[in-house]
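Structure record follows, encoded as structure tokens.
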Amino acid sequence: MLEKKEHNYEKAVLVGVVTQHQDEDKLQEYMDELEFLAYTAGATVDRRFTQKLTQPDSKTFIGSGKAQEIKEYVKENEIGTVIFDDELSPSQLKNLERELEVKILDRTNLILDIFAQRATTSYARTQVELAQYQYLLPRLTRMWTHLERQKGGIGMRGPGETEIETDRRIIRDRISLLKDKLKTIDKQMATQRNNRGKVVRVALVGYTNVGKSTLMNALSKSEVFAENKLFATLDTTVRKVVIGNLPFLLTDTVGFIRKLPTQLVESFKSTLDEVREADLLIHVVDISHESFEDHIDSVNQILMEINAHQKPMIMIFNKIDDFSYEKKDEDDLTPSTRKNISLEEWKNTWMAKSKHPTVFISALTKENFPEMKKMIYDEKTAVDLKTIGKNLKNSKSLYNYEKLIFKYKAYPKSLDTIESRHLYYGRNFRSDLVSTTDEDFKALAEAFKSGDFDDCIKKGKILYEKDPTNLDVLLILLRAYDSKKDGSNFMHHLSQFRTLTDAVRSSGDGKSENTAYLVNSVGDEYILLNILNLGQDYTRVSKPGKGGMFDIWRKDNNTVFIKVLYIDF
């Protein structure tokens, strides 16, 4: 593996270009971030070099005059490394090393180097090593001979020219081996995620160094490593958190960054699967950073690339304790800039424009934590029937009916809580349902009562194909398969049954009308009563409500609210 070792800080210079696609202000932001990356990797920045170009030079990225200027400065000031803000092609890298006679790194190389330094588990190290080798393979023709006397320092080392062909074969073999290793680990981690059952899963996402780990520590009362450096967290951390009566698994994930190397996106598949398979995303933003809106755009872009952009989300603007702005004097008539916008103005702006629930907090001082916790609780306990109806019909939605029913029939354990809710409550928007008053269902029930389980299974399969999420049909099929000692079909349908009933159990806590359990029918209500172990000694009082009938079940001091839906959108 390309290990990252501890070292003393080395001197470096940064290089960036202003182009038609990147103005001076944007370049300044990127260079600030690049300097922080360099510091995180183990370098101090001695100077920045910038140049205006229509587009980067295809041979050396910068012009010949600027290259000569950098070469002279590097030599006079004993600079060990030149770091470019963009990813350099293999030929640019080779030409620059030949021209400048010094170690050349680009932004991708630097980020990979930080990841190598930060990876602590075997799994994270394997992911980083794969990304490093994928980056290195096309760059083996770099001129390393003049660097052979240099030892250590930030960036990856390379072979001599005479070893290139041998090393290319070795690296290809190593890449293949690492991919196989990651596939095995990915399968194990997927199994672990499935074994977590139907507990709600919440993932923290956001730009690097926005305070996700600090928020994780505050919510879970644990000690996840947090530091004011980029990519302090590489390994996925999962903690159990309880808000009110809602238990959920909270996952802290690797931070995103602008110009994130594609090799890392590919290598960190399982880490990103935690995001893809979450029931809720908490997008953490550093409101104190002047480029926070660009950070939001970068995170949203990556979420789109990994197909997680349609997940339910809460926007959390963190670090309000660190926010500052320049208040303008009343007689100052110069145009206002972003630096003159107060926190209250930012709140008003984002509360109005965000399509997601939004809250401003401090993970450090826990300011506004009650509001944030309530937001998480409400988001994960409320069932939005109108949204479910729209999603099921939308072919582009993650919760499209055809997509979900395929997963439900093939591997029901793979469905998360939100997907299960869509399937169960989506029955309210379908016209092809099987009713207990239908003659076909009566015939199915009669076959079961008579003990003709072969006929019962035959009839049940027909109704299942027509209405696969019907709990009454599933329950009869389960009993028939159990009677026939057909363990395989019994376990498969039991997984489906549990998936749907877990959706009902997660719809509320039954303690009030506002948090009542929601069921599609009276038959489903009695199935829920059995699951909750509410016996015949409970008395029922019914009252009409909006969109359904409330049944209030009481025994002594115990009261359970269940709402039977009747909806016609």
Filter result for Asp524 (over 23 Å from Lys386 (Cβ atoms) and either surrounded by 10 or more Cβ atoms within 10 Å (Cβ to Cβ) or of a type outside the set (A, V, I, L, M) (or both)): no
Filtered residue count, segment 324-363, keeping only those that are surrounded by 18 or more Cβ atoms within 10 Å (Cβ to Cβ) and either more than 27 Å from the chain's Cα centre (by Cα) or closer than 16 Å to Ser291 by Cβ (or both): 2
Count - residues of segment 504-527 that are in a helix (DSSP H, G or I), of a type in the set (A, V, I, L, M) and closer than 14 Å to Val383 by Cβ: 1
Matching residues in segment 398-429 - criterion: being in contact with a Gly (Cβ under 9 Å, 6 or more places away or on another chain), under 21 Å from Leu303 (Cβ atoms) and either modelled with pLDDT under 90 or surrounded by fewer than 17 Cβ atoms within 10 Å (Cβ to Cβ) (or both): Tyr399
Residue within segment 437-456 that is under 40 Å from the mean Cα position of the chain (by Cα), surrounded by fewer than 14 Cβ atoms within 10 Å (Cβ to Cβ) and of a type in the set (D, E, K, R) present: no
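Each row is one residue, and each column tells you yes or no for (1) of a type in the set (A, V, I, L, M); (2) in contact with an Asp or Glu (Cβ under 6 Å, 6 or more places away or on another chain).
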position: Glu330; (1), (2): no, no
position: Arg338; (1), (2): no, no
position: Ile341; (1), (2): yes, no
position: Glu344; (1), (2): no, no
position: Thr349; (1), (2): no, no
position: Ser354; (1), (2): no, no
position: Ser362; (1), (2): no, yes
position: Pro370; (1), (2): no, no
Answer from Leu105, Leu130, Leu88 - the residue that is at pLDDT 80 or above, in contact with a Gly (Cβ under 8 Å, 6 or more places away or on another chain) and within 26 Å of Arg174 (Cα to Cα): Leu105
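Would you please name the residue that is modelled with the lowest pLDDT, looking only at residues in segment 174-226 that are among the small types (Gly, Ala, Ser) and crowded, with 17+ Cβ neighbours inside 10 Å?
So the first thing to find is which residues in segment 174-226 are among the small types (Gly, Ala, Ser), and the list is 176, 190, 197, 203, 206, 211, 213, 218, 220, 222, 226.
Those left that are additionally crowded, with 17+ Cβ neighbours inside 10 Å: 203, 206, 211, 213, 218, 220, 226.
On the way: Ala203: 91, Gly206: 92, Gly211: 90, Ser213: 86, Ala218: 90, Ser220: 84, Ala226: 47.
Applying the filter and picking the extreme gives Ala226.
I'd like the full set of residues that are among the acidic types (Asp, Glu) and in contact with a strand residue (DSSP E or B) (Cβ under 8 Å, 6 or more places away or on another chain), limited to segment 537-561. Before the answer, list the steps.
Keep residues of segment 537-561 that are among the acidic types (Asp, Glu), which gives 537, 551, 556.
Passing the criteria: Asp537, Asp551.
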Hey, Lys466 out of contact with any Asp or Glu (no Cβ under 7 Å at 6 or more places or on another chain) and either aromatic (Phe, Trp, Tyr) or outside the structural domain of Trp553 (by TED's automatic domain parsing) (or both) or not: no
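To keep it simple, each residue is scored yes or no on (1) outside the structural domain of Thr437 (by TED's automatic domain parsing); (2) in contact with a Gly (Cβ under 6 Å, 6 or more places away or on another chain); (3) touching a residue at least 12 places away in the same chain (Cβ under 8 Å); (4) among the basic types (Lys, Arg).
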{"site": "Leu478", "(1), (2), (3), (4)": "no, no, yes, no"}
{"site": "Gly487", "(1), (2), (3), (4)": "no, no, no, no"}
{"site": "Phe490", "(1), (2), (3), (4)": "no, no, yes, no"}
{"site": "Phe497", "(1), (2), (3), (4)": "no, no, yes, no"}
{"site": "Leu500", "(1), (2), (3), (4)": "no, no, yes, no"}
{"site": "Gly510", "(1), (2), (3), (4)": "yes, no, yes, no"}
{"site": "Val522", "(1), (2), (3), (4)": "yes, no, yes, no"}
Residue match in segment 479-488 (condition: buried (at least 16 other Cβ atoms within 10 Å of the Cβ), in a helix (DSSP H, G or I), among the hydrophobic types (A, V, I, L, M, F, W, C) and in contact with a Lys or Arg (Cβ under 7 Å, 6 or more places away or on another chain)): no
Single match in Lys366, Lys386 (criterion: surrounded by 13 or more Cβ atoms within 10 Å (Cβ to Cβ) and farther than 13 Å from Ser288 by Cα): Lys366
Pairs with Cβ under 7 Å, 6+ apart, first in segment 356-376 and within 12 Å of Leu219 (Cβ to Cβ), second at pLDDT 90 or above and surrounded by fewer than 18 Cβ atoms within 10 Å (Cβ to Cβ): Ile361/Glu367; Ile361/Asn368; Ile361/Phe369
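The values are calculated or read from the model by the stated rules, or taken from the named source; none is laboratory data. Because the structure is a prediction, the values reported are computed rather than measured. As a convention, Cβ positions derive from the backbone with ideal geometry for all residues, glycine included, and neighbour counts pool all protein chains shown.
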